[in-house]
Each structure stands twice: as structure tokens, then as C-alpha cells.
Amino acid sequence: MMSLVRYIDNMIVRLASRETNPINQARIRILVYFIFSYMLFAAILMVAYFIDWNLLHLLRVSFVFVSAWVLFAVVRYTKGWNLVSHFAIFLVTLCVWSNVLVYVQGINVATLQYVWLGIALSFYMHGLKWGWFYSIINLFPILAYTFVEYSDFSYLIGDLRSIYDARPVRQSVYLFILTYDFIIIIFLHHYFFKTFNLNIVNLTHAKNELNDLNDKLNETVVDVRKLSNARMDFLSTMSHELRTPLNGVIGISNALLSQNPREDQKENLAVLKFSAENLLSLINDVLDFNKLDSEKVELEHIPFNLAALIKNNCASLEIKTREKLLDFNISISKDIEDRIVLSDPTRLTQVLLNLLNNAIKFTEKGFVSLNAYVTKENKDTMTVRFIIEDTGIGIEPHKQEDIFEAFTQASSSTNRHYGGTGMGLPIVKKVLSMFNSYVELVSIPNAGTKFFFDINFDYRKDNPTTPLKPKIAKDELKHLKILVAEDNAINILVIKKTLEQWNIEPEIAENGIIALQKLEEGNYNVVLMDLYMPNMDGYEAAALIRKMSDKTKANITIIALTATVNDNIIDKVIKVGMNDYLSKPFHPEHLFEKLQKLSADSIA
């Protein structure tokens, strides 16, 4: 007997497992238990009614018995449990109506039990809408009978009784019916409440687990942020430590190259400078990739001449193409020439130089070309397509996706033969995503490669009649009095030799305290301020300068010199009141341009 119960229970569990929703699983189990119980109920009553030969009752329970088997078969072999439950509720409703109209011709306890059972089953199995529907259908015959019984229409009931002559059942059978129906009703409420309560417990447990998981995720996010900040701090520190000696190497190389060296010396100095600048480029790529990877970079929105920017970038690479005897072709459509665009020239330059440098590096003969033209425009915006093409080594088709991954090159032989870190194209991809663009390529191995991308620009017409400020000759900067706040002896030497080219004799202050003293005692046009010095750093010194009582000295131009360049440093530089910044190692031309602008403004 127990094995049969376990078999039935396991079968019901398998049937319920078809559904993923725990409420629907409970509904299937209730339905199958209900069908089995009424199958047994009908079988017992069939025997009792057969013994008493109560034919009308025997016909009804026989119909219920057969229907129960059919419904069970449908549930077991199909997924139509929802439709089966509707038919089961219909059978209960049929019992209510048949009791009122035929079998009892009135209202007894068993009839009310069927009403309760039908209402409860409809709400539990199908929710509110169907629950109300079946409630009305089950209550209607009860209310109608009560209305007729206690009104002038009571003769209708008598007429019914004359038509149908259903013999009453024995007391023992009636007691069995009442008891069995009460057990079913109690079980129905008990099981659904148990399942509902279990579902609430599970939901509470799931909620607690989710809260714990969220706490762990928040801790992980904090740890990741700390790790990211630590990585940024490490890279910034390493950048500073690497840039400082590089500043010396590049600065002294520039100074020596400007002193008319012999041809053999010039060649050695050029190699030294080239190697140092390559190392600097590598450091910049690492820092840029890290910033882009941490999504701490935002595009600027400043006006510039797009055609002039393209030409300047290409001009900076002409020496490399001439050294490799490559044709360098530049094509800029006329509708770009006279337009000022609003965008980020620094990031666009980064994209163009990365792609052009790659094209030159991987091309041994033939040409490298850059083509820029407008593909679409309206009143205020235009879409410009950039195409960088070469006749170099090309890229294998199966490698064309991989080259945009960090530190990846087309092959190991490429790295051995041409060098590089594999960060150029990933940087291009990330920067273009900031422009809401993406790079595409067409490449044939040993024939060449074509990279192209589109960028949308806001633009306005350039005014060619705008007068340009006259350039100031280098020896005309000698009137500038410059205070240099710098503690590193190599950096001091580089700055002094750079300024001496323009006949400027700077004053040197080894820290912020000395810089403040010299500024109080003398008059200067500009302060070149290193940010990291002993005793008092550049930030504190700049803040104190801005608070000086002498308004002329308090408003002096301060240009920050820093070997650590990131957005946080730049923001802090501006926040403490400095006017500009220059990253070390710097090109003498960049410093000259800033001083030239300062001198021109002072003359104006």
C-alpha cells in the first residue's frame, strides 16, 4: 500500500516538474490529488448505490468516475492541465446544479460543500477573474432556489418534485459524502496554503541571498575600483619616474642638436633622440590605453580647422616616408578646406597618427595615402570619411578581428621584424567608439591594407579674412623674465639650455618656498612650476601666489611642468589657479609657442 502511495506521489511530482513556476507546480499537484480523490470517492459511492440500486445517483457517480479517469489521462499524457482544471470545476458546478434541480431538489450540506469546493478550486487554480466567474455560477442556483422557496413562486419547486423522483440516500452514505467532501475542502486549503507559505519562505530566502550577493558584489566593485585606482596610481608613478630621465635625454639631445654639431655627432644625437621619443611614445600608449580602458576620458568640443590638422599630422610623418622612399599621398576634398569643426583634435590626431604610423611601418615599397572627403552634410553637421591605405604586408583574413585586441599583432614574426606593442589599433578602436564610430578594414596579404571610418562633425565656415597675429622672432623673447621652480638637477639643466636658445636667462628656485621668496623680491613675467618638489610642492606654491597682496604678482602666468599627465592632475592644476601645463619631456616648440603667446598678449 505504501509503495503504491509513493509511486503515485512520485508520478505527481514528475507531472508537476513540467512547469517552472512553483505556483503552477502546486496547482498541478492539487488537480491530480483532487482527480484521484474523486476517482476513489466515486468508486465507493458506485458500490453503495449499486447495493441500494439507487439508479439516478449511480448514473451520476459513474459519470464522475469515468470523467476522472479521462481527465487524469489528459494531464498525464499532455500539458493541458489548465483545460482539465476547468472541466473539473465544471463537474463540481454540475453537482451543485443537479442537487438543487434533481437529486435533492433543495439545499443541503453536501450541496453547500460543492459550492465551497467549486469556489475555492476556481480561485486557487485560475486566479481572480475565473474565480469570480465560477463563484457566480455556483451561487446562482442556491440564491435562486432560496428566492423561489420563500416567495409566491414556490409552486415551481413542487412541479420539479413531481417530475423527478430521486430517492434519498441512506444516512451512512450521506454521512460518508459529507465527511469526504469536508476532507477534500480542508486538504485543498491546507495544501495551497502550505505551498503558498513555502513559496513565501523561498522568496524570502532568495531575497536574503540576493541581498548577500549584492553586498558581495558591492564589496567586489569597491575592490575593483581600489585596484583600478591603484593601477592608475602605479602607472602615474611609473610614468613620472620614466618621464623624468627621458626629459633629460630628449632635452639635452634637442639642446645639442641646436648647437650646430658635426655631421657624425648629429647622426648619433638623432638616433638618441629617436630612441628616447619612441620610448616616450610607448609610455604614452600604455597610459592612454589604461585611461580609455577605465572610461575616464571624455571628448573635448573645441573649434579647429580639420584640413589644417590633417596636413600638420601628415607633415610630421613626411621624414619617415622619405627615409623609406615611399610615396605619401594626401587628398582632402575642397568642401573640408574652409570649415572649422567642433570636436576633439587631440583624439582625432591620435587616431590618424596611429593608423598612418602603422601604414608606414608595415610598408616597404609603394605608397601610403590618406583621403578625407564629405559623405553627407546638412546645415550644421557633416560626415567625413577618412581612408588610410598602404601597399604593405597586409593582414591575413583570420587575423583581422584579433588585431584590435590589446597587445595582439598579426603574427609573432611581425613583432620580431617590425617591433611594437600591439596597442595602437586597440586605442584607435576605443577612441573611435567615443566618436560613435568604428574602424573597418579591407586587407589582402602581401598587397596592402585599407582602414576607413566615418566621423560626424558640427561645423561652421572659416573666415579667411581674419588677420593672423604676427609671429615674434625668437630673439624677441629675451625680454621675458622667467622663474623656474624645479628641484631635479637634470630638468633644471634641460630647461636652462632650452631657454638659453632664445636668449632667456631664467631664475631657478629648488622648491616652492624659495619660489615664493624670489617672487616677493623680484618681478617676473611667468613661472614654470614643477608640481612635485620637497618642502613645498607646486600646488601649494601656486595657491599661495594667487593669495599675494600684490595683485600684479598674484596674477602672474603660471605654467605647470609635470611628468605625470592624467585628467585628475590637469583638473587639480586648473583648480589651484595655474594658467596652463606642459608635460615632461616637452618639445621646445611647445614651450616656445606658449611663451610666444604670452609675449604677444603682453605687447597687445
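The values are calculated or read from the model by the stated rules, or taken from the named source; none is laboratory data. Values in this document were obtained by computation on a predicted structure and should not be read as measured data. With ideal geometry, Cβ positions are generated from the backbone for all residues, glycine too; neighbour counts draw on all protein chains shown. When the accessible area is computed, the model is the full protein with side chains, heavy atoms only, and any ligands, DNA or RNA have been set aside. Shrake-Rupley method; radii C 1.70, N 1.55, O 1.52, S 1.80 Å.
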Restrict the check to segment 522-535 and report whether at least one residue is part of a helix (DSSP H, G or I), modelled with pLDDT under 95 and open to solvent by less than 20 Å² (accessible area, probe 1.4 Å). no
For I427, are the conditions met, namely being modelled with pLDDT of 90 or more and aliphatic (A, V, I, L, M)? no
The condition from (1) at pLDDT 75 or above; (2) touching a helix residue (DSSP H, G or I) at 6+ places or on another chain (Cβ under 7 Å) that D344 misses is numbered (2)
Is it the case that I157 is closer than 30 Å to Y49 by Cα, at pLDDT 70 or above and in a helix (DSSP H, G or I)? no
Scanning for something surrounded by 13 or more Cβ atoms within 10 Å (Cβ to Cβ), among the aromatic types (F, W, Y) and touching a Ser or Thr at 6+ places or on another chain (Cβ under 6 Å), does segment 129-149 turn up at least one residue? yes
Surrounded by 15 or more Cβ atoms within 10 Å (Cβ to Cβ), at pLDDT 90 or above and touching a strand residue (DSSP E or B) at 6+ places or on another chain (Cβ under 6 Å) - does that describe any residue in segment 562-577? no
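Which of the following residues is within 19 Å of G248 (Cβ to Cβ) and of a type outside the set (G, A, S): E505, E589, E593?
When all the criteria are applied, what remains is E589.
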M548 is checked against (1) in contact (Cβ under 8 Å) with a residue 12 or more places away in the chain; (2) open to solvent by less than 20 Å² (accessible area, probe 1.4 Å) and fails just one. What number does that condition carry? (2)
Just name the residue that is modelled with the lowest pLDDT out of those in segment 274-299 that are over 21 Å from A359 (Cα atoms) and open to solvent by 50 Å² or more (accessible area, probe 1.4 Å). E295
Being at pLDDT 90 or above, out of contact with any helix residue (DSSP H, G or I) (no Cβ under 9 Å at 6 or more places or on another chain) and not hydroxyl-bearing (S, T, Y) narrows it down to one of I559, I514, so name that one. I514
Here the residues within segment 74-102 that are touching a residue at least 24 places away in the same chain (Cβ under 8 Å) and not in a helix (DSSP H, G or I) are K79
So G394, is it at pLDDT below 85 and either more than 19 Å from R347 (Cα to Cα) or open to solvent by less than 60 Å² (accessible area, probe 1.4 Å) (or both): no
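Mind listing just one residue for me: the one in segment 434-463 that is aromatic (F, W, Y) and open to solvent by less than 40 Å² (accessible area, probe 1.4 Å) and, of those, nearest to S343 (Cα to Cα)? Write out each step before concluding.
Start the filter on segment 434-463 by keeping residues that are aromatic (F, W, Y), which leaves 435, 438, 451-453, 457, 459.
In the following step, the residues that additionally are open to solvent by less than 40 Å² (accessible area, probe 1.4 Å) were identified as 435, 451-453, 457, 459.
Numbers: F435: 9, F451: 21, F452: 19, F453: 16, F457: 7, Y459: 9 Å.
Among residues in segment 434-463 that are aromatic (F, W, Y) and open to solvent by less than 40 Å² (accessible area, probe 1.4 Å), the one nearest to S343 (Cα to Cα) is F457.
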Restricting attention to strands (runs of 3 or more DSSP E) lying wholly within segment 300-365, give those where 1 or more residues are loosely packed, with under 15 Cβ neighbours inside 10 Å and under 35 Å from the mean Cα position of the chain (by Cα). 302-305
Total residues in segment 482-507, condition farther than 19 Å from P245 by Cα and assigned to a strand (DSSP E or B): 3
Scan segment 124-148 and report the pairs whose first residue is without any contact (Cβ under 8 Å) to a residue 12 or more places away in the chain and whose second residue is surrounded by 14 or more Cβ atoms within 10 Å (Cβ to Cβ) and not in a helix (DSSP H, G or I), with Cβ atoms within less than 7 Å and a gap of 6+ or a chain change. none
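Condition test on I44, is it of a type in the set (A, V, I, L, M), surrounded by 14 or more Cβ atoms within 10 Å (Cβ to Cβ) and touching a residue at least 60 places away in the same chain (Cβ under 8 Å)?
yes
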